[in-house]
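Student: I am attaching a structure below and will ask some questions about it afterwards.
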Amino acid sequence: MSQRKMLQFSMGALLLLPWFGGLVLGEISNDFSQCLDVFYNKTPPMGINAAGYTPICQRFKNQYHFASLYHRQHRAPLYSAYILSPADGKRPNSTWMYEPQLAFSRASSEMKPFHTSMDQNVIESQAVLQDYKNSSYTKGHLNPSMHQKTREDREATFTLTNIVPQRAGSNSGPWSILENEVLKKFKAFCNGLMYVITGAIPYESEPRWINNRVSVPEYMWSAYCCPSYNTSLPKHLKPFFPTYAAVGRNDRNSGEEIVPVKVKARASVRGYDVRRMSLETLEDILAQRLAMPISLFHGQCQ
């Protein structure tokens, strides 16, 4: 971690963040007590200290499958964290689900399927299917179903607490290519577990919404940690281990200071480019854009 980041951690400064709608009062670092196994060294990302976040251990069919950090006011997750495991079957035609505990503190900890008629408390506490209807955005998985081994693992990813509004050109284009690349690197070179954290970056100045309710990200980001890997890597692949990261555009009209645009691309995906980068570079971008000195993997996965 850079000296600048260490200083920010030690100071614990209070920041006023318009996008988060409140004062930074603390640091969420150990509130995923039921699902710490999905994080490297059982340690969630450090430095995420804005008010309004709710840690969710994503529980489905009496098992914890992954974790998400959810922002109630924006009805969208900041990130989802999971252990990558190649799918042993096809992508399921799964039923979309919601998180009851966001609406009722004493409700079941199991995610539940959406009903035709939803309780108003559910609608107020999180995104619902109606938000995405005719929105021009797809439901973008942070934890993609095909990064999960069993059918139940894959079905568990179909909760809107794991979803952000994502343009189709990104979701089915460059971002999908990135997800497949990560999967291939795991299969070819990772000797043990691969820990993945994927999230979203909001617009810097004025927030954008679908249905005046769900925050739209300007960028997607993802990083992995593979602490045990094949040390006889080809020279051109050595920068990809033990960690690597990427940021993808979710807006064709965004500036190019974070992710440059390639001119030669199919019209349907032009402007949704993905930039590969080191973990340190991603953390610097997140620190600048979110005003939080984020450290994604404990000890930088060393």
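Student: Considering only protein heavy atoms, what is the solvent-accessible area of residue 164 at a probe of 1.4 Å, reported in Å² to the nearest 10?
Tutor: Residue 164 has an accessible surface of roughly 0 Å² with all protein chains in place.
Student: Aspartates and glutamates within cross-link reach of residue 238: Cα-Cα under 16 Å, excluding same-chain residues under 8 positions apart?
Tutor: 181, 280
Student: Another question, if that's okay. Mind listing P(r) for the stretch 76-127? All alpha-carbon pairs, 10 Å bins, whole percents.
Tutor: So the P(r) values, bin by bin, are 19, 43, 29, 10.
Student: Expressed as a whole number of Å, what is the distance separating the alpha-carbon centroids of the stretch 136-199 and the stretch 44-97?
Tutor: Distance between centres, Cα-based: 11 Å.
Student: Count the net charge of all other residues whose Cβ sits under 9 Å from the Cβ of residue 272, scoring Lys and Arg as +1 and Asp and Glu as -1. Could you put the intermediate results ahead of the total?
Tutor: Values: positive: 167, 249, 252, 270; negative: 251, 273.
Around residue 272, the surrounding residues sum to +2.
Student: In addition: Summarise the long-distance tail of P(r) for the stretch 102-202 by giving the % of C-alpha pairs beyond 20 Å. Each step should come with its number before you reach the end.
Tutor: Values: 2491 of 5050 pairs.
Beyond 20 Å sits 49 percent of the P(r) for the stretch 102-202.
Student: Here's another thing I want to ask about it. Once the Cα gyration tensor of the stretch 252-302 is diagonalised, what are the square roots of 5 times its eigenvalues, in whole Å and ordered largest first, as equivalent ellipsoid semi-axes?
Tutor: 27, 13, 7
Student: Go through 235/264; 61/112; 61/149 and tell me which ones have a Cα-Cα distance over 19 Å in this structure. Numbers along the way, then the final one.
Tutor: Details: 235/264 28 Å; 61/112 10 Å; 61/149 15 Å.
Those over the limit are 235/264.
Student: May I ask you to derive the relative contact order of the chain, considering only C-alpha pairs under 8 Å and at least 6 residues apart, and to give it as an integer percent?
Tutor: On the way: 622 pairs, mean separation 54.2, N = 302.
This gives 18 percent for the chain.
Student: Something else now. Over the Cα atoms of the stretch 152-302, compute the convex hull volume and normalise it per residue, giving Å³.
Tutor: On the way: hull volume 21.3 nm³, N = 151.
Per-residue hull volume (Cα only) is 141 Å³.
Student: Against the globular-protein guess of 2.2 N^0.38 Å, express the Cα radius of gyration of the chain as a ratio, rounded to two decimals. It would help to have the intermediate numbers written out before the result.
Tutor: Values: Rg = 18.3 Å, N = 302, 2.2 N^0.38 = 19.3 Å.
After normalising by residue count via 2.2 N^0.38 Å, the value is 0.95.
Student: Going by average Cβ neighbours within 10 Å, how do the peptides 80-86, 59-65, 103-109 rank, with the highest at the top?
Tutor: On the way: 80-86: 21.3, 59-65: 16.1, 103-109: 11.6.
So the order, starting with the most tightly packed, is 80-86, 59-65, 103-109.
The values are calculated or read from the model by the stated rules, or taken from the named source; none is laboratory data. Just so we're clear, the structure is a prediction, and the values are computed from it rather than from any experiment. So basically every Cβ, Gly included, is an ideal-geometry build from the backbone, and we count neighbours across all protein chains shown. Side chains included, ligands, DNA and RNA excluded: accessible areas come from the protein's heavy atoms. Shrake-Rupley method; radii C 1.70, N 1.55, O 1.52, S 1.80 Å.
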